[in-house]
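Read through the structure below, which is laid out as structure tokens, and then see the notes.
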Amino acid sequence: MAITVEEEKKPVNWMFIVGLAGIIAVIFAFAYYVLFRKPQLLETVTSQAGEFSKISQLSFQPEEVLNAPTFRLLRQYSVPIGAFIPGKSNPFQP
């Protein structure tokens, strides 16, 4: 007489599968809407991002920053840390 032992099969979580399929469908619908139905939305966002090239044309004068009255109001709230040498000078001393 043979005894067969079978492991229990885990039930399939259908709610997770349906939810994941729904999230993927929403992502594809959003991509389709932005890329094909309303491409002017994408053009608006990318044209505003192109305005950052103006930053590279700015000049920086450190003297103006250091001489500014608001810079002189800044204070240092920390104490400078001195040089710390860990350990003993002679490792054989008690």
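Side notes on the structure shown:
- A simple charge model with +1 on the Cβ of Lys and Arg, -1 on the Cβ of Asp and Glu and nothing else charged puts the dipole of the chain at about 260 debye relative to its Cα centre.
- Using alpha-carbon coordinates, inclination of helix 14-32 to the longest axis of the chain, degrees: 60 degrees
- Taking trypsin sites (Lys or Arg not before Pro) as exposed when their DSSP state is a loop state and no more than 15 other Cβ atoms lie within 10 Å, the longest site-free interval of the chain runs over 10-74.
- Most mobile listed residue (PHE28, PHE16, PHE36) in the chain, GNM with C-alpha springs under 10 Å: PHE16
- In the chain, helices alone account for a calculated mean residue ellipticity at 222 nm of -12000 deg cm²/dmol, with every DSSP H run of four or more residues adding -39,500 (n - 2.57).
- Selected from ALA83, ALA25, ALA68 as most flexible by GNM, with the chain as the system and alpha-carbon contacts under 10 Å: ALA83
- LYS54/ILE23 FRET efficiency (R0 41 Å; Cβ-Cβ; nearest 0.05): 0.60
- Panel values: the chain, Kirkwood radius from alpha carbon pairs, Stokes-Einstein at 37 °C and 0.692 mPa s, translational diffusion coefficient 140 µm²/s.
- Angle between the chain longest axis and helix 39-49 axis [Cα atoms, degrees, rounded to 10]: 20 degrees
Read-outs throughout are calculated quantities, based only on the coordinates presented, and are distinct from any laboratory measurement. These numbers come from a predicted model, not from an experiment. As a convention, Cβ positions derive from the backbone with ideal geometry for all residues, glycine included, and neighbour counts pool all protein chains shown.
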